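Structure first, commentary second.
The values are calculated or read from the model by the stated rules, or taken from the named source; none is laboratory data. Treat the numbers as computed from the prediction; the structure is a model and nothing was measured. We place every Cβ from the backbone using ideal geometry, glycine too, and count neighbours over all the protein chains shown. The protein model used for the area step is the full one, side chains on, heavy atoms only, and it has no ligands, DNA or RNA in it. Shrake-Rupley method; radii C 1.70, N 1.55, O 1.52, S 1.80 Å.
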Amino acid sequence: MTDKAGKIKVLFASAEAAPFAKVGGLGDVAGALPASLLYNFADEIDIRTIMPFHAVIKAKNPPNKKIGDFSFQANTQQIDCELFISDIDGVPVYLVDNPYINHDSPVYHGDWQLDGLKYASFSLALLEAMRYLDWKIDILHANDWHTSLAVHALETIYKDDPFFEGVKTILSIHNLPYNGWGSQDAMNLLGFTASQDPDLPDWAKFTPLPMGIAAAHKVIAVSPGYSREILTPEYGCGIENYLQKHVGKIMGILNGIDEDRWDPAKDEAISHNFSVDQLSERVQNKLDLQKALDFEVDEKIPLLTIVTRLSEQKGVPSIFEALPQLIDRKWQFALLGSGNPELEQRASKLAEAHPDRIACFVQYDDVISHVLYASGDIFLMPSLYEPCGLSQMFAMKYGNLPVATATGGLADSICDYSTDPDIATGFLYTEKNTAGLVKSLSLALDTFENQEIWQLMQKNAMKTDFCWRTSAKKYLEVYKSLLRG
Ligand code: GLC
């Protein structure tokens, strides 16, 4: 089981991990969670990450070393792999390459056939890499559909393989709707067989994420709220009956954030640093931004902000509809985000129509994001669903109070004004549409006028514990309980 030193050996498998490759929140988590586990519990755990050697990683060229070549047979295919090693914050990171991963390719092709080949082959290669290294793991911790086939493979292709005997598996769900549909040809080519679990609907038996969910010993959603929501038809993506029946192996653990990197007291991207004890400094950031954007410079005008992927999931259309309805009220709005071209256009048009109070940065820019978190009074997060969400946590740490839908990780991380303003950290609404946003935002605008309550809420938000250690400890408990059987 555990190694001589009694440490639990965990392989953390992910398609992305920051800072090497980050497309979305999965990258943040895969960069930070293993590092936090190692930093806080080094005497109990030996955790290593494995990911594809993507082109973006090649381009950044972090210190890395080739540690070998290995080949394996997948159905009729011989797959030749190269293995490299690097590290993220002390966590060893294995980088795998093979002709299907092909390190000239993007993290996600967006073409399901190519992505299917890339991640189905990576799911096998990551297990074969362990054999090549002769590192006998206790736990495989896979994430999302991209590595869920490794969990399935342990239950099928490798079931009687003595090298993997006794390995326990965890599958984290960051986003259930992305289930890997379209990988069927790749799975056929590489010799995957369908799940035999009679509780899965037929279509799901040969779809990567459900196959992994059925095979995993433990399924972890990235917030307790999301772990309950996925049991319902609204969020369950067609496998809610399976999840309900197997609710015993499902749990939710809220993600954390890097509170060192997201600390307004020492953030170099912002013009004025501040903290809970020096909250009065904060407003200078807003005044500077108002000046820079050619807005009216007045601390009494609430500044609304959003940092997001421009997508339907994030509820972005409801913002474009809600703001014109509130045009008679005093506010200014700054947006940072890119994504769906149609939404990008709508953002630009809105800014053109109201240049004196709306600014849209249609791009992704780390520095601007910090500036918006630090300058804004109200942070909009009208997501239709949100497995965890990280931006609302960054915003709260910077005293920027979220107006958000009461869903998934948003409801788990934000304490709603209506509960008790003395402990509240933001505004939650249940009606997930434009009308709901208009109502909730109006309430936030009213509350902003009472600066005594507002500042109390800001302090509550800034003091909330979102540190990774708290989440990492819960993961460690799960690893231990699985090994106890
Ligand atoms: C996905 C989810 C997001 C979550 C992130 C990390 O991107 O959409 O809510 O925060 O994964 O788990």
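For the peptides 343-352, 457-466, 476-485, what is the packing order when you average, over each peptide's residues, the other Cβ atoms within 10 Å and list the highest mean first?
457-466, 343-352, 476-485
Got the relative contact order for region 86-137 handy, in percent, Cα pairs under 8 Å and 6 or more residues apart?
Over region 86-137, the number comes to 27 percent.
Assuming R0 = 45 Å, can you tell me the calculated FRET efficiency for the pair residue 60 and residue 199, based on Cβ-Cβ distance, to the nearest 0.05?
Numbers: r = 43 Å, r/R0 = 0.96.
Given R0 = 45 Å and the Cβ-Cβ separation, E is 0.55.
Would you please calculate the Kirkwood hydrodynamic radius of region 15-75 over all C-alpha pairs and express it in Å, rounded to one decimal?
13.4 Å
Would you mind checking which residues have amide H under 5 Å from residue 16's amide H? H placed 1.01 Å from N; only 5 or more apart, or other chain.
Amide H neighbours of residue 16: none.
Rounded to whole Hz and in sequence order, give me ³J(HN,Hα) for region 181-186 from the Karplus expression 6.51 cos²θ - 1.76 cosθ + 1.60, θ = phi - 60°, writing x for Gly and Pro.
So the Karplus estimates, Gly and Pro as x, are 3, x, 8, 4, 4, 4 Hz.
Defining a contact as two alpha carbons under 8 Å apart and six or more residues distant in sequence, what relative contact order in percent does region 279-466 show? Mind showing how you got there, number by number?
Numbers: 344 pairs, mean separation 38.6, N = 188.
Reported relative contact order: 21 percent.
Let me have the relative contact order for region 1-109, percent, based on Cα pairs under 8 Å that are six or more residues apart.
Details: 202 pairs, mean separation 28.4, N = 109.
For region 1-109, the relative contact order is 26 percent.
Distance between Cα centroids, region 405-467 to region 247-315: provide it in whole Å.
Here the answer is 14 Å between Cα centres.
Please list the equivalent ellipsoid semi-axes of region 279-466, computed as the square roots of five times the alpha-carbon gyration tensor eigenvalues, in descending order and whole angstrom.
Working: eigenvalues 95, 76, 48 Å².
Semi-axis lengths for region 279-466 are 22, 20, 16 Å.
Once both labels are modelled 7 Å past Cα along the beta-carbon direction, what's the residue 160-residue 275 spacing in nm?
6.3 nm
Using a probe radius of 1.4 Å on heavy atoms only, what accessible surface per residue do you get for region 217-340? Whole Å² is fine.
Heavy-atom accessible area per residue stands at 44 Å².
Among 391, 325, 435, pick out the residue whose Cα is farthest towards the positive end of the charge dipole of the chain, where Lys and Arg carry +1 and Asp and Glu carry -1 on C-beta, about the Cα centre.
Of the candidates, 391 comes out farthest on the positive side.
Show me, for region 447-457, the HN-Hα J-couplings you get by feeding each phi into the Karplus relation (A = 6.51, B = -1.76, C = 1.60, θ = phi - 60°), rounded to Hz, glycine and proline as x.
So the Karplus estimates, Gly and Pro as x, are 5, 4, 5, 9, 5, 5, 5, 4, 5, 4, 5 Hz.
Using the per-residue mean of other Cβ atoms lying within 10 Å as a proxy for protection, in what order, highest first, do the peptides 159-167, 76-84, 212-220 fall?
212-220, 76-84, 159-167
For the chain, what is the convex hull volume of its Cα atoms per residue in Å³?
Residue-normalised Cα hull volume stands at 143 Å³.
Among 64-72, 435-443, what's the highest-first ranking by average C-beta atoms within 10 angstrom per residue?
Working: 64-72: 13.7, 435-443: 19.2.
Packing order, densest peptide first, comes out as 435-443, 64-72.
If you add up the charges near residue 326, with Lys and Arg at +1 and Asp and Glu at -1, over every other residue whose beta carbon is less than 14 angstrom from its beta carbon, what do you get?
Result for the local shell: +1.
What do you get for Rg/Rh over region 181-287 if you use C-alpha atoms and the Kirkwood form of Rh?
Rg/Rh for region 181-287 comes to 1.27.
Counting DSSP beta bridges with both partners in the chain, what percentage is antiparallel, nearest 5?
So the antiparallel bridges amount to about 25 percent of the total.
With every protein chain kept in the model, how would you rank 452, 321 by accessible area, 1.4 Å probe, largest at the top? Could the numbers behind the result be given before it?
On the way: 452 155, 321 85 Å².
In descending accessible area the options line up as 452, 321.
Quote the charge dipole size of the chain about the Cα centre in Debye, to the nearest 20; the model charges only the Cβ of Lys and Arg (+1) and of Asp and Glu (-1).
740 debye
If each residue of separation counts as 0.36 nm, what is the full-extension length gain between residue 133 and residue 245 once their alpha-carbon separation is subtracted?
36.5 nm
Can you tell me the length gained on complete extension of the stretch residue 261 to residue 446, counting 0.36 nm per residue apart and subtracting the Cα distance?
Working it through step by step, the gained length comes to 63.4 nm.
Could you compute the FRET efficiency for residue 480 and residue 342, with r as their C-beta to C-beta distance and R0 at 51 Å, rounded to 0.05? The partial results should precede the final answer.
Values: r = 48 Å, r/R0 = 0.94.
Efficiency at R0 = 51 Å is approximately 0.60.
Over the chain, what percent of the accessible surface lies on carbon and sulfur atoms, probe 1.4 Å?
Here carbon and sulfur together make up 50 percent of the probe-accessible area.
Which residues' amide hydrogens lie under 5 Å from the amide hydrogen of residue 88, considering only partners 5 or more residues apart or on another chain, with H built in the peptide plane?
Sorted by chain and number, the residues that satisfy this are 93.
Only helical DSSP H runs with n ≥ 4 go in: add -39500 (n - 2.57) per run for the chain, normalise by residue count and round the 222 nm mean residue ellipticity to 500 deg cm²/dmol.
One gets -11500 deg cm²/dmol as the mean residue ellipticity at 222 nm.
Write down the accessible area per residue of region 399-482 in Å², having rolled a 1.4 Å probe over the full set of protein chains.
Heavy-atom accessible area per residue stands at 39 Å².
Report the percentage of all Cα-Cα pairs in region 228-303 whose separation exceeds 18 Å, rounded to a whole percent.
63 percent
What accessible area per residue comes out for region 62-104, rounded to a whole number of Å², with a 1.4 Å probe?
For region 62-104, the solvent-accessible area averages 48 Å² per residue.
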